[in-house]
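Below is one structure, written out as structure tokens; comments come after it.
We did not get these values from a lab; they are worked out from the coordinates using the rules stated. Just so we're clear, the structure is a prediction, and the values are computed from it rather than from any experiment. Positions of Cβ are generated from backbone atoms using ideal geometry, with glycine treated the same way; all protein chains shown enter the neighbour counts.
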Amino acid sequence: MDPRREHELLLTRRQLFGKTALGVGTAALHTLLRSGGLGGGLLAGSIALADQKGRKGLPGVPHFAPKAKRVIVLFMNGGPSQMDMWDYKPKMRDVYDADLPEEIRMGQRITTMTSGQARFPVAPSKFEFKKHDNGGDGVYISELLPHTATVANELCVIRSMWTDAINHDPAVTFIQTGSQLPGRPSLGAWVSYGLGSENEELPTYVVLHSKWSAKRDAQALYNRLWGTGFLPSEHQGVSMRSTGDPVLYLKNPEGVLSSTRRQMLDDLAQLNQLTLKQFGDPEIAARIAQYEMAYKMQTSVPDLMDLSTETDETFELYGEDSRTPGTFAANCLLARRLAERGVRFTQIWHRGWDHHDSLPRDLPLQCKDIDQPCAALIKDLKRRGLLDETLVVWGGEFGRTVYCQGPLARDNYGRDHHPRCFTMWMAGGGVKPGTVYGHTDDYCYNIVDKDGAIIKPTEDAFTPGAVHVHDLNATMLHLMGIDHTKLVYRFQGRDFRLTDVHGHVVDDLLA
């Protein structure tokens, strides 16, 4: 219940509780403090947060020495086609337009978009692949990603990702929050809550949105995807815009001096402190912190967005698009600048990857958007000594089917959603470079073991060679020094965590 509403109700019952108010209040306070420790959502911790300078994390976090201080997530919203970019399946060209064998599909569910098709014809990729030296056994990369191929030795490519969800919103919500149902905190919010910030002038969690080139509409994105759920709201992602003010209402109103705003915030903070001590609502502490951050961002954000200090060589590295605000290239450059400033978690969204049709037309456009900037970000971080402590993660919410959705032609096809196996990659921040992890069958439909036998992983137990979304998130937290089983928050009578009751750290991905 809202503590203010509770206070009003108590006032109407003063005759009943007047003589026992102190005892009831003491018991309530004892209950709040007793749930202390890691992730308890403490009243005392909230008050301390409002009083302290800086933004510290939870006591005892990190749990062990981290390998990554910060994370940059490059999210390809819509489901990029793994067999057209990363998972080379040359045998499919011999079975063009043949029906997907039932022993491969095994009755696995499909979406309503293809469930009415009379058949499921195999659509081999029309794009060429080349094996690139990665310092190990080599990695096949599509011709669509020539720049990314130049950093193959830095990549840890995971070809055996899998997820529970088969449609966009549940799948994106799942990989972002650990639940298909909205309302849980996002990964970036958990990181902010657990570790705090290395920078007092910028948010701990920054979200950047990119333009896309595919000639199609894209899936909608919602603020809850980078929200805090039941965590204090100060940990939510701050979404920056590419046009106009980077953050709405960042500038002072006309006629208001910075000194006047500072005095107003100081007075407001005193009032909020009084209210905090009276009601103990953690959101009041969060509001104080947010007001202070907004004031600091009036200086720090314009400095961040000012690219005039970047050299022509840097712009050439990221590509000509990096000079245009709102492009994926410009956002990758901003991500590097955020990393330099100690921002803990940055997420770049790039939409338009939902290729149900016209994939040969649209996928090259999407890859052109992201190929050079992805490679440039890795190279730029490395040359500045930041890659070893910055975890870069690339991928989407699921993959695509090998069978065609709609009409099939050799030079034109579409693919439906496929949660059973898809590809992501990581770089820097303690992952094992030059690695290719996991195998899929010849149809890129199921995860298989080294001998080619189909395996059926479950989220209840770790299956070697397969990486569930919970496993990915557990591994990312581990690289940041966090035991995913210990980063918890009590809400509505139970302990919650990002990985729910699942998730395993995939040791084979660690350097």
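Please rank I447, I454, I158, fewest neighbouring Cβ atoms within 10 Å first, as an exposure proxy. Walk me through the numbers before you get to the answer.
Numbers: I447 22, I454 14, I158 27.
Ordered from fewest to most neighbouring Cβ atoms within 10 Å, I447, I454, I158 come out as I454, I447, I158.
What is the Cα convex hull volume of the stretch 231-349 when expressed per residue in Å³?
Here the figure is 121 Å³ per residue.
Work out, step by step, the length gained on full extension between D97 and T314: first 0.36 nm times the residue separation, then minus their alpha carbon distance; give nm to one decimal.
Full-extension gain reported as 73.6 nm.
If the cut-off is a Cα-Cα distance under 23 Å, which lysines reach K277, setting aside same-chain residues fewer than 8 apart in sequence?
K19, K53, K56
Any chance you could give the angle, 0 to 90 degrees and rounded to 10, that helix 21-34 forms with the longest Cα principal axis of the chain?
Once rounded, one gets 30 degrees.
Rounded to a whole number, what is D in µm²/s for the stretch 35-509 from Stokes-Einstein with the Kirkwood radius over alpha-carbon pairs (25 °C, 0.890 mPa s)?
106 µm²/s
Working from Cα positions, state the angle (0 to 90°, nearest 10) between the long axis of helix 469-479 and the longest principal axis of the chain.
Taking Cα atoms only, the helix is inclined about 60 degrees.
Given the stretch 161-261, what whole percent of its Cα pairs are spread farther than 19 Å?
Cα-Cα pairs in the stretch 161-261 separated by more than 19 Å: 57 percent.
In whole angstrom, note down how far apart the Cα centers of the stretch 145-187 and the stretch 320-372 are.
Answer, in whole Å: 15.
Quick check: net charge around G319, other residues with Cβ under 10 Å of its Cβ, Lys/Arg +1 and Asp/Glu -1?
My count for the surroundings of G319 gives -3.
Give the residue from F422, P253, L181 lying farthest towards the positive end of the charge dipole for the chain; charges sit on Cβ (+1 for Lys and Arg, -1 for Asp and Glu) and the dipole is referred to the Cα centre.
Farthest towards the positive end: P253.
Assigning unit charges at the beta carbon (Lys, Arg +1; Asp, Glu -1) and nothing else, what dipole magnitude in debye, to the nearest 20, does the stretch 209-248 show about its Cα centre?
Charge dipole, the stretch 209-248, about its Cα centre: 260 debye, nearest 20.
Please report the orientation-averaged projected area of the stretch 93-167, defined via the convex hull of its C-alpha atoms, in nm².
That works out to 7.2 nm², a quarter of the Cα hull's surface.
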